[in-house]
1. Could you check the stretch 59-93 and list, in sequence order, the residues that are closer than 25 Å to GLY165 by Cα, open to solvent by 10 Å² or more (accessible area, probe 1.4 Å) and not in a loop (DSSP other than H, G, I, E, B)?
2. May I ask you to say which residue of LYS31, LYS44 is of a type in the set (D, E, K, R), closer than 30 Å to LYS324 by Cβ and open to solvent by 20 Å² or more (accessible area, probe 1.4 Å)?
3. Could you tell me whether LEU55 is surrounded by fewer than 20 Cβ atoms within 10 Å (Cβ to Cβ) and either among the charged types (D, E, K, R) or under 23 Å from PHE28 (Cα atoms) (or both)?
4. Among the listed residues VAL197, VAL168, which satisfies the condition of being away from ligand 2 (no atom under 16 Å from the Cβ), under 24 Å from ILE300 (Cβ atoms), within 18 Å of the chain's Cα centre (by Cα) and not in a loop (DSSP other than H, G, I, E, B)?
5. Taking the stretch 144-165 as the region of interest, how many residues are within 16 Å of ligand 1 (Cβ to nearest atom) and assigned to a loop (DSSP other than H, G, I, E, B)?
6. Among the listed residues LEU192, LEU185, which satisfies the condition of being touching a residue at least 60 places away in the same chain (Cβ under 8 Å) and either more than 16 Å from ligand 2 (Cβ to nearest atom) or among the polar types (S, T, N, Q) (or both)?
7. Can you find a residue that is within 16 Å of ligand 1 (Cβ to nearest atom), in contact with a strand residue (DSSP E or B) (Cβ under 8 Å, 6 or more places away or on another chain) and among the aliphatic types (A, V, I, L, M) anywhere in the stretch 83-97?
8. Residues being near ligand 1 (Cβ under 8 Å from one of its atoms), farther than 21 Å from TYR339 by Cα and either in a loop (DSSP other than H, G, I, E, B) or small (Gly, Ala, Ser) (or both): count how many of those fall in the stretch 200-233.
Amino acid sequence: MVSFTIPKTQTAAVVDHSGADIRIDHQFPVKSQEELLPGECLVKLDCSGACHTDLHAALGDWPLPAKTPLIGGHEGVGIVVAIGNNTANSPVKLGDRVGIKWLADSCLNCEDCRKGREQNCSKAKLSGFTVDGTFQEYVVSFVNHVTPIPENISSDEAASVLCAGVTVYRAIKYSQTVPGDWIVLPGAGGGLGHLAVQYARVRGLRVIAVDTGDAKKELCLKLGAEKWIDFMECKDIVSEIVSITGGGAHSAVVTSANGAGYRQAVDYLRPGGTLMAVGLPGKATLEASIWWTVFKSISILGSYVGNRQDAIEAIDIAARGQVKVHFACRPLKDLEDVYEGMKAGKIAGRIVLDMSQK
Ligand code: 8ID
Ligand code: ZN
C-alpha cells in the first residue's frame, strides 16, 4: 500500500479578517491522518487557480460572510495523501490525483442533492469560504466530492477548469441554445469568460465577446470568438449586438464581476432568449424591464458552479484538448499582487499558483 509522509506544518495564505491583506504563514498546521474525520481526505496540492470569487470572499463583498481566519482557493489539483479512518466506500484512494472545487461537500441525500443541484444543499461546505481552501500546500477535502483528474492533462492545466470551467460549462449547458445560435459573453477576457468562449465553440455556438483592452481582445479572438466588443469604447452595445446577430442574441452568459455587465442584456437578446447570470457582484441588482422580459419571453436564470457530473464533463472536454486554460504560473506568496491585478482588470485568462514555489 502507498504511504505518504505528512509534515506537521506547511505554507498557507491566510486572510485574518474580512478586508485584511494576505498573510503568508510558513508554520500553518497540517491535519494528521488520525485527525481526519470519516469521509475526509487530505490532498497535497500541486497548484491552485485564483478566482475572482476568492477576492470577493477576502474583501467580504457578499451578503454571506466567509469564515475567518480564511484560507481561500477552490481550484486546486493534487494527490490524495491520507483518508480518514472508517471512511466507507471511498470513490478515491491514496495516490489518486484529484481536483478540489468550490463545492467541497454536500449531504447527497436532500432534495437538492437528489435532483443534481448539490451546490444548493443546505449542508454544503464551500472550499475557501466555509471551510479552508486551496491556497495552502495541504487541504482537507471530502472523498465524495473531489473530482478525479484524467492522466492526459497536467495539474496546472486542469486547475481552473474546476471552478471557472465547470461554472461556464454548466451555464452554457442550460442556456437553451443550439448549434449556430449567437451567445454574448460579457466578461469574456477573464478567468470564466475565456473558458466560456471555448465551451461555447465546442457546442457550435457563435460567440460575441464583450470585455476591454487589447490583450483580452486578442485572447478572445484567438480562442474562437467571431466578434469583439470593447465595452469601454462601444457607444451602443445593444444596437451593435442586434445588428451583428440580425435581431438579437439567443443567449448571454454574464461573467463580469460587476453589475455593469448585466445592463442591457435583456435589450440585446432576441425573443425567447436566455440570460444566464453567473458573475457575482455582491450588491448589484438586475434591472430588467419587466414588460420587455414578458413581451419577448426572456428567461433569466441564475447558474451557480456545477455538480460532480458537470465537473467530470468539463474536465473531460479539457483533457481531450478541446478547451485550454490560458494561464500564467505564480508562487503562492504573490497572491496579494494577483488580487491587485484582478481588481484592476489586468488579468487576461487566469493566474495559477504553483505550490512548489513558496
Ligand atoms: O457559480 C458562479 N456563478 C460563479 C463561479 C465562479 C465565479 C461565479 N463567479 C463569479 C466571480 O465571483 C466573479 O464575480 O464570476 C465573476 C467573474 O469571475 P472571474 O472570471 O474569476 O473574474 P475575472 O477574471 O476578474 O473576469 C471578470 C471580467 O469581467 C470584465 C473584466 O474586464 C474581466 O475580464 N468586465 C467587467 I469587471 N465589467 C464588464 C462589463 N461591464 C466586464 N466585461 C464586460 N462588460
Ligand atoms: Zn471560482
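1. LEU59, ILE79
2. Step by step, each of LYS31, LYS44 is checked, and only LYS44 is of a type in the set (D, E, K, R), closer than 30 Å to LYS324 by Cβ and open to solvent by 20 Å² or more (accessible area, probe 1.4 Å).
3. yes
4. Of the residues listed, the single one that is away from ligand 2 (no atom under 16 Å from the Cβ), under 24 Å from ILE300 (Cβ atoms), within 18 Å of the chain's Cα centre (by Cα) and not in a loop (DSSP other than H, G, I, E, B) is VAL197.
5. 3
6. LEU185
7. no
8. Going through the stretch 200-233 one residue at a time, the tally reaches 1.
The values are calculated or read from the model by the stated rules, or taken from the named source; none is laboratory data. All of these numbers come straight from a predicted model, not from anything done at the bench. Because the Cβ atoms are built from the backbone with ideal geometry, glycine has one as well, and the counts that use them run over all protein chains shown. For accessibility, only protein heavy atoms count, side chains too; no ligands or nucleic acids. Shrake-Rupley method; radii C 1.70, N 1.55, O 1.52, S 1.80 Å.
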